[in-house]
Amino acid sequence: MRRSLAVVTCLLTLAGCATSTAGSASAPPPSPSIATAQRTAPPPSTVPRSTSTTPRTTKPAPPPVSGVVVLDPGHNGDNAANPDVINELVPAGRGRTKPCNTTGTATGAGYPEHAFTWSVAVRVRAILEARGIEVRLTRPNDRGIGPCVNERAAVGNDAAADAVVSIHADGSTNPAAHGFHVAYSSPPLNAAQGEPSLRLARTMRDGLSSAGFPLSTYVGSHGLSPRDDLGGLNLSTRPAVLVECGNMRNAAEAAAFSSPAGQRSYAAAIAAGILVYLA
Ligand code: ZN
């Protein structure tokens, strides 16, 4: 039976990705349908069962999964051009304030974090919606400003999301640093930030690790990072985590972040982590 609500959100206040400067995969062409094969074959009564070689071309669809998931693609395309807006201080939980948002980071070649997070979020949405999950994003495109971290948290809260996942990539100045980590609010400020968020963090960690992505070499422990300074996590009343997919300043990870194939791989792993949590 499904457990209580889970929400994943990656908010913009991570130190690593806060200071520096999308489409679904196409399906392969369909193979010849069984119906066509049957139309050209002799009547079934004349075909000895033991000699039939018609392969199965379909497999059962996975069962639908119910739930509401909020995906929070970090940063936004126009943040860098609007510092007066994104530097405005907003509530960040635990009695603190933080800037509304940041520009995010970028690869050495200039591919921006906001574009990566948007592309991955759209791909995750497609995977989850195909399973029957209701998905909402915290921003409608990759061209706007903000939204502020408190506004992003409110999206998950107002949706009563079962899981909130924020998607980011880090910007460590050490190019050798690499690997992903999953942040969660700690100490928890409400029940959803306790066991549900920790369980979501673990299923997300396991989803990425099972897909072959390495654990962070420079943040957290075993791919998990308890945090008390991330506004989006602090303000969430739903199960929420923030995924830092890796280091955009690491050459190998930068190549993956910048490529559609790499983005598909991250999206598949993140979606897998969400689906295990909701199961
Ligand atoms: Zn970020």
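Here is how the numbers come out for the structure above:
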item	result
DSSP-defined antiparallel bridges as percent of all bridges, the range 120-279, nearest 5	25
Using θ = phi - 60° and Karplus 6.51 cos²θ - 1.76 cosθ + 1.60, couplings along the range 242-256 (whole Hz; Gly, Pro as x)	10, 9, 9, 5, x, 10, 5, 8, 8, 4, 5, 6, 4, 5, 5
Full-extension gain in nm, Asp84 to Ala261, via 0.36 nm per residue minus C-alpha separation	60.2 nm
Full-stretch length increase - Ala160, Ala211 - with 0.36 nm per residue and alpha-carbon distance subtracted	15.5 nm
Amide H within-cut-off set for Leu224, under 5 Å, with H built and near neighbours excluded	Val182
Phi-based couplings in Hz for the range 90-104 (Karplus 6.51, -1.76, 1.60; Gly and Pro marked x)	9, x, 10, x, 6, x, 9, 10, 8, x, 3, 6, 9, 7, x
Relative contact order, percent, the range 68-278 [alpha-carbon distance under 8 Å, six or more residues apart]	28
Debye intensity ratio I(q)/I(0), log10, the range 68-278, q values 0.07, 0.09, 0.16, 0.19 Å⁻¹ (C-alpha model)	-0.17, -0.29, -1.02, -1.51
Centroid-to-centroid separation of the range 174-198 and the range 89-113 [C-alpha atoms, Å]	17
Sparsely packed trypsin sites (Lys or Arg not before Pro) within the range 56-162, loop by DSSP, other Cβ within 10 Å at most 10	Arg56
Net charge dipole size for the range 68-278 [Lys, Arg +1 and Asp, Glu -1 on Cβ; Debye, nearest 20]	280
Karplus (6.51, -1.76, 1.60) ³J(HN,Hα), θ = phi - 60°, over the range 142-147, in Hz, Gly and Pro reported as x	10, 10, x, 10, x, x
Of the chymotrypsin sites (Phe, Trp or Tyr not before Pro) in the range 203-279, those whose Cβ has at most 16 other Cβ within 10 Å and which sit in DSSP loop	Tyr218
Modelled FRET efficiency - R0 30 Å, Ala279 with Arg143, Cβ distances, 0.05 increments	0.30
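Values quoted throughout were computed directly from the atomic coordinates according to the rules given, and no laboratory measurement underlies them. All figures in this text were calculated on a predicted structure; none of them were measured in a lab. Positions of Cβ are generated from backbone atoms using ideal geometry, with glycine treated the same way; all protein chains shown enter the neighbour counts.
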